[in-house]
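Questions regarding the structure given below will be posed in turn.
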Amino acid sequence: MLKTANSCAETASIYDEQTWHDLFVWLLPIVEKWVMYADVSCWRGQQKEVAEDIVQEALLRTFKYTQRASQGKVQPVVSLKSLCKVIAQNYFRDRRRKDQVLVRPFQNDESEQLSFAIQDVVDPAEIALDHLIFCTTIVMAAQVVAQFPPQQRAALLTDLANISDFNAPPTLLEQSLSTEGIRLRDYHRALPTEPAQRGLYAAHLCIAYKRLRKKVEV
C-alpha cells in the first residue's frame with residue numbers, strides 16, 4: 001500500500017516537457033507586458049530577452065517547487081499556472097529593483113546629488129484581477145472539496161489543517177470551507193502510525209490532490 005501511495009504521489013508531481021512548453025508560451029506575453037511598462041533603463045532594447053530570462057527563471061523555480069511538493073516538503077500544487085505566475089511576479093519585482101538604474105544628477109549650491117526613481121509599474125487592474133482569480137479559485141476549491149468522497153475529503157482536510165495556524169485570523173480557505181459546512185480546525189489531528197493505515201491515508205491524500213488539481217486548474 002505504501003508503495004502504491006508513493007507511486008501515486010510521484011505520478012501526480014510529474015509534468016512532461018509539453019506541459020512546461022505550454023506554460024512558457026502562456027506566461028511569456030504576460031511578463032513581456034510587465035517588462036515593457038517597467039521602463040528600466042538597462043532593459044531598453046532587450047525587453048524580449050529580459051522577459052524570456054524572467055520566465056525561464058520562474059519555470060525553474062516552479063519546477064523545483066513541484067519536486068519539493070512531490071516529496072511532501074511543501075504544500076501540493078493546486079494550480080501550476082497560478083503558482084508560476086506568482087513566482088514570476090516576485091522575481092520580476094526583485095529584478096526590477098536591482099536593475100533600476102534611472103539616475104538623474106542635479107546640482108545645488110553645495111554638492112551634486114543623485115536621485116533614484118523606483119516605481120511600481122504593475123497595473124493595479126492586473127493586480128486586482130489576479131486577486132480576484134485567486135479568491136475565486138479558493139472558493140471554488142472549497143466547493144469542490146466538500147463534494148469529495150468522505151475518505152479523500154478527510155485526508156485532504158487533515159493535511160491542510162495540520163499546516164494551518166489556527167491562532168491567526170481565519171484564512172479565506174477556512175472561511176470558504178466554513179461556508180460549505182466544514183470546520184477545518186476539526187481535522188487537526190495526528191497522522192496514523194500503523195503502516196497500513198498510514199499508507200491508506202497517503203493514497204487517499206494523493207488521489208484527493210490530483211482530483212482537486214484537475215477540477216480547479218486555472
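Residue by residue through region 146-177, note down the ones that are free of Cβ contacts under 8 Å to residues at least 12 places away in the same chain and over 23 Å from the mean Cα position of the chain (by Cα).
GLN147, PRO149, PRO150, ASN167
Can you tell me which residue is modelled with the lowest pLDDT among those in region 166-218 that are over 20 Å from ALA141 (Cβ atoms) and in a loop (DSSP other than H, G, I, E, B)?
The extreme case among them is ASN167.
Just to be sure, is THR19 out of contact with any His (no Cβ under 7 Å at 6 or more places or on another chain), surrounded by 14 or more Cβ atoms within 10 Å (Cβ to Cβ) and under 25 Å from CYS135 (Cα atoms)?
no
State yes or no: is GLY181 surrounded by 12 or more Cβ atoms within 10 Å (Cβ to Cβ) and outside the structural domain of SER79 (by TED's automatic domain parsing)? I'd like the intermediate steps shown before the answer.
Values: surrounded by 12 or more Cβ atoms within 10 Å (Cβ to Cβ): no; outside the structural domain of SER79 (by TED's automatic domain parsing): yes.
Judged against the criteria, GLY181 is not a match.
Answer yes if at least one residue in region 33-42 is at pLDDT 85 or above, under 19 Å from the mean Cα position of the chain (by Cα) and farther than 16 Å from ALA202 by Cα, and no otherwise.
yes
Inspect all residues belonging to region 139-154 and state whether any of them is at pLDDT below 85 and surrounded by 12 or more Cβ atoms within 10 Å (Cβ to Cβ).
yes
Suppose we filter region 33-70 for residues that are out of contact with any helix residue (DSSP H, G or I) (no Cβ under 9 Å at 6 or more places or on another chain) and either crowded, with 16+ Cβ neighbours inside 10 Å or touching a residue at least 40 places away in the same chain (Cβ under 8 Å) (or both); how many remain?
Selection size over region 33-70: 2.
Those residues that are closer than 13 Å to LYS214 by Cβ and not in a loop (DSSP other than H, G, I, E, B), I need them from region 70-86; list them, please.
Within region 70-86, just LEU80 meets the criteria.
The values are calculated or read from the model by the stated rules, or taken from the named source; none is laboratory data. This is a predicted model, so every value here is computed, not measured. Here the Cβ is made from the backbone with ideal geometry for all residues, glycine too, and neighbour counts use every protein chain on show.
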